[in-house]
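Report on the structure given below.
The values are calculated or read from the model by the stated rules, or taken from the named source; none is laboratory data. Please read these numbers as outputs of a predicted model, since none were measured by experiment. Because the Cβ atoms are built from the backbone with ideal geometry, glycine has one as well, and the counts that use them run over all protein chains shown. The area values use the complete protein model at the heavy-atom level, side chains included, leaving out ligands, DNA and RNA. Shrake-Rupley method; radii C 1.70, N 1.55, O 1.52, S 1.80 Å.
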Amino acid sequence: MIDINAPIIPWKEAGGIKLYSTIRDVKEIVEDKDVSGVLLNKFWVRYEIKDEVFLFFHLLNGKLFKITTLKNYKGQLFDNVQYGMSAQELLAAHPDFIYDDIEEANW
């Protein structure tokens, strides 16, 4: 199961799932009846876990390369950044953050 309260640890994990895990490592999660998967291209598949996270896997090596948190995810980044915060709230907490619109790419 996804731990929706687990902290987001950049470049390492979210939801208690570690980046570079294999599909086999999280087989029980991605095979749940409430999980939907979509083939994004011939190399990538994305699983959506009930408005909690997207898990992106590379099909050639079977490894998780990206985790995106969604609206029902409650865990925080740096103990005070969470899904749904406004840009103003984020910058008040972390004035050193830099906005990069390339990160808004939709998958």
Which of (1) open to solvent by 40 Å² or more (accessible area, probe 1.4 Å); (2) part of a strand (DSSP E or B); (3) within 18 Å of residue 12 (Cα to Cα); (4) of a type outside the set (Phe, Trp, Tyr) does residue 79 not meet, given it meets every other one? (2)
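On the given criteria, is residue 59 touching a residue at least 60 places away in the same chain (Cβ under 8 Å), open to solvent by 50 Å² or more (accessible area, probe 1.4 Å), farther than 21 Å from residue 84 by Cβ and not β-branched (Val, Ile, Thr)? Break it down stepwise before answering.
On the way: touching a residue at least 60 places away in the same chain (Cβ under 8 Å): no; open to solvent by 50 Å² or more (accessible area, probe 1.4 Å): yes; farther than 21 Å from residue 84 by Cβ: yes; not β-branched (Val, Ile, Thr): yes.
No.
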Return a yes/no flag: does segment 16-27 have any residue that is open to solvent by less than 70 Å² (accessible area, probe 1.4 Å) and of a type in the set (Asp, Glu). no
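Does residue 90 qualify as being under 15 Å from residue 15 (Cβ atoms) and either modelled with pLDDT under 85 or surrounded by 14 or more Cβ atoms within 10 Å (Cβ to Cβ) (or both)?
Working: under 15 Å from residue 15 (Cβ atoms): no; either modelled with pLDDT under 85 or surrounded by 14 or more Cβ atoms within 10 Å (Cβ to Cβ) (or both): yes.
When the stated conditions are applied, residue 90 does not pass them.
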